Amino acid sequence: MGDLAKIFKAYDIRGVVPGELDEDVAEAVGAAFVEVVGAEAVVTAHDMRASSGPLAAAFARGATGRGADVIDTGLGSTDLLYYASGSLRLPGVMFTASHNPARYNGMKLCRAGAVPVGADTGLTLIRDRAAELLAAGVRSDGGAGGTGVVTQRDLLAGYAAHLRGLVDLSGTRPLKVVVDAGNGMGGYTVPSVFDGLPLEVTPLFFELDGTFPNHEANPIEPGNLRDLQKAVLDKGADIGLAFDGDADRCWVVDERGESVSPSTITALVAVRELAKHPGSTVIHNLITSRAVPEIIAEHGGVPVRTRVGHSFIKAEMARTGAVFGGEHSAHYYFRDFWFADSGMLAALHVLAALGEEDRPLSDVLRPYSRYAASGEINSTVGDQAGALARVRAAYAGHDGATVDDLDGLTVSGPEWWFNLRPSNTEPLLRLNAEAADEKLMAAVRDEVLAVVRG
């Protein structure tokens, strides 16, 4: 097994199985997690990948070998694991590689109450301790002085009931919904969550299959939405929903088969939450549309801008007591869900908003979409710092422009803005641009790309 630093990322563990991540590593991580977190018990869940169950079992051997009990909830989505951690007040681990290809797997770790564990909050310590255990050949026993017990517990019904209790669809009109689970965990959770709701559901790819035989379970890529878009039009559906592999992200397609920006969904859900909790803080990352903070403020809320990444969003939500947070990647965070993200909960909000109106979804969402956006555009750049410096110099002194460095380089004008961020894992610069109209957006986009790409 190679250097664990390769698979321990900023927010989670992720690598190729078995070359980078195998059962020995999972067992060592189980022991290290219990030691670092100080857990007497841990709750786990895993996705549908063939390696997920064995990795979860190996983790449990490491954890019980350190004297901790393990509550194994079996198959589940990532937000089901957050529900388990929050409702049981236990540290938790989800075994998934989310939207990554089939050869990958990983772990998402949290403290009790679904508080994330990242590089700065314990993940680095867990990595280093796991490496020590592997080097010493110590895994499950290791002189722990006691063995915990593994028990199985099915939390799907409780998770579904909890979500339905947060968003009331009982009085909405019936809706025709197409759901593309991408052979991921949405195929397991959607039937339970939607049971008894006024929804006529057309399922696409609900069969759990970690080889993803139909398309990648990554709805942020437009090509992975084509089956959903076609089905919405063929069925005359009111809405389409696409989930990623571990079902913590949800993408929306309207009745015309058009993809809906997560910024639009963020603004819609923010307005709904502010109606229940007037004057609350709402978090948005710096890639979301300029419309998001405008709409939050117009509805009496306090918008707070953060860096990209769930650890930053969750930390800022906890610090401010924010009622809701949204990201451009279709992650949505809720105060009444332990400040954790849930694509399913966001989907219920959109369904409720649509069901309360006698209008098509495109009409319901129109007030929340004000500007033209480029989407994320990646450029392969060997010298990321040099390219950022060239762009900064090109816009220095630009009439009416302001610059900030919260996350990469953001340059804002009166009717446009762009953000240029380096990837943490690849030699890429990621550009997002937005403007008052398509023509101006294209001009800004092309100007920046010309500088970046030389």
CD proxy at 222 nm, helix term only [per DSSP H run n ≥ 4: -39500 (n - 2.57); per residue of the chain; nearest 500]: -11000 deg cm²/dmol
Mean-position separation - Cα centroids, the range 22-50 and the range 420-454, in angstrom: 40
Added length on full extension, which subtracts the Cα-Cα distance from 0.36 nm per residue, residue 16 to residue 161: 48.7 nm
Accessible-area composition of the chain, carbon plus sulfur, in percent [1.4 Å probe]: 50
For the chain: rounded, prolate or oblate by the Cα gyration tensor [a/c cutoff 1.5]: oblate
Inter-label distance for residue 176 and residue 154, nm, one decimal - labels placed 7 Å from Cα along Cα-to-Cβ: 3.3
Principal semi-axes in Å for the range 137-286 [√(5λ), Cα gyration tensor, largest first]: 32, 22, 18
Charged-residue dipole, Cβ positions (Lys, Arg, Asp, Glu), the chain about Cα centre, Debye nearest 20: 520
For the range 303-332 versus the range 52-74, the gap between their alpha-carbon centres in whole angstrom: 30
Sequence-distant lysines (8 or more away, or on other chains) whose Cα lies within less than 29 Å of residue 235: 176
Of the chymotrypsin sites (Phe, Trp or Tyr not before Pro) in the range 36-138, those whose Cβ has at most 13 other Cβ within 10 Å and which sit in DSSP loop: none
DSSP-loop trypsin sites (Lys or Arg not before Pro) across the range 1-90, with at most 14 other Cβ within 10 angstrom: 89
Cβ-Cβ FRET estimate between residue 298 and residue 120, R0 fixed at 41 Å, reported to 0.05: 0.70
Straight-distance crosslink candidates among lysines, where the alpha carbon sits under 18 Å from residue 6 and sequence neighbours closer than 8 are dropped: 108
Gain on full stretching of the segment that runs from residue 401 to residue 359 - 0.36 nm per residue minus C-alpha separation: 11.2 nm
Virtual spin-label span in nm between residue 233 and residue 89, 7 Å along Cα→Cβ: 5.3
Two-site label geometry, residue 446 and residue 256: point separation in nm, points 7 Å out along Cα→Cβ: 2.4
Under 30 Å from residue 439, Cα to Cα: lysines that are on another chain or at least 8 residues apart: 230
Rounded FRET efficiency, nearest 0.05, which uses the C-beta distance separating residue 6 from residue 208 and R0 of 30 Å: 0.60
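The values are calculated or read from the model by the stated rules, or taken from the named source; none is laboratory data. Just so it is clear, the structure is predicted and the values come from calculations on it, not from any experiment. Glycine gets a Cβ as well: all are built from the backbone with ideal geometry, and neighbour counts include every protein chain shown. The protein model used for the area step is the full one, side chains on, heavy atoms only, and it has no ligands, DNA or RNA in it. Shrake-Rupley method; radii C 1.70, N 1.55, O 1.52, S 1.80 Å.
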